[in-house]
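The values are calculated or read from the model by the stated rules, or taken from the named source; none is laboratory data. Owing to the predicted nature of the structure, the values given are computational and were not obtained by experimental measurement. Cβ sites come from the backbone with ideal geometry, for glycine too, and all protein chains shown count toward neighbours.
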Amino acid sequence: MIIYTPYKIERFTCLYKECGAKCCTPGRVITHREKEKISEAIGLKPEEFIERETERGLFRLKGKNDMCIFLKEDFSCSLHNIDAKPLSCQMYPFLFEGIIYSDEIVLKVRAADECPGIGIGEEVDEDFELKIEALGNKFVSEIKAGLKEEEK
């Protein structure tokens, strides 16, 4: 996995209420497994919340009023407390940039320049970086599993 960022994030705190959840935009990328997990958790068919398949093994969430379909009026995520929040959302303040399909799948991410929480709050430590890396590796693992599922 590669984390690409034009600068090192020194501090970060989530200010989703203050910024109006700028991170919760339509089109967030999810894996096949996440699509199934969300469907089961909320009781909707995938086509009710999936916009379309994008790159191989990935899907995009629909939007509502230029925001993620799962964003509530208080700017919280309706998937957060039911253990169905997508990995790409959990990786914030890093955003999905793309995938390189080669011998190994490489996930490309970048720091969310538009996030007002970058540069303030607690210092980013090694645990934060390890958490992002673990989430990225899980994302890649789920992409691989989704591609195998598509081959069947």
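Among Asp83, Asp66, which is the only one that is farther than 15 Å from Ile30 by Cβ and of a type outside the set (Lys, Arg)? Before you say what the answer is, go through the steps one by one.
On the way: Asp83 fails: farther than 15 Å from Ile30 by Cβ.
After applying the criteria, what remains is Asp66.
Which of the following residues is touching a strand residue (DSSP E or B) at 6+ places or on another chain (Cβ under 6 Å) and closer than 21 Å to Lys17 by Cβ: Gly98, Gly121, Gly136?
Within the list Gly98, Gly121, Gly136, the selection yields Gly121.
Listed residues Leu130, Leu147; which is exposed (fewer than 13 other Cβ atoms within 10 Å of the Cβ) and assigned to a helix (DSSP H, G or I)? Break it down stepwise before answering.
Numbers: Leu147 fails: exposed (fewer than 13 other Cβ atoms within 10 Å of the Cβ).
Selected residue: Leu130, the only one of Leu130, Leu147 that is exposed (fewer than 13 other Cβ atoms within 10 Å of the Cβ) and assigned to a helix (DSSP H, G or I).
Among the residues of the range 32-53, is any in contact with a Ser or Thr (Cβ under 8 Å, 6 or more places away or on another chain), among the hydrophobic types (A, V, I, L, M, F, W, C) and surrounded by fewer than 17 Cβ atoms within 10 Å (Cβ to Cβ)?
The answer is yes, given that some residue of the range 32-53 is in contact with a Ser or Thr (Cβ under 8 Å, 6 or more places away or on another chain), among the hydrophobic types (A, V, I, L, M, F, W, C) and surrounded by fewer than 17 Cβ atoms within 10 Å (Cβ to Cβ).
If you go through the range 55-89 one residue at a time, how many are surrounded by 15 or more Cβ atoms within 10 Å (Cβ to Cβ) and of a type outside the set (A, V, I, L, M, F, W, C)?
Total meeting the criteria: 9.
When you check Phe139 against the structure, is it at positive phi, not charged (D, E, K, R) and not in a strand (DSSP E or B), yes or no?
no
Tell me, which residue of the range 1-44 that is of a type in the set (A, V, I, L, M) and touching a strand residue (DSSP E or B) at 6+ places or on another chain (Cβ under 9 Å) is nearest to Met67 (Cα to Cα)?
Ala21
I want to confirm something. Restricting to the range 67-126 and keeping residues that are of a type in the set (Phe, Trp, Tyr) and modelled with pLDDT under 95, which single residue is nearest to Gly43 (Cα to Cα)?
For the range 67-126, the residue satisfying everything is Phe75.
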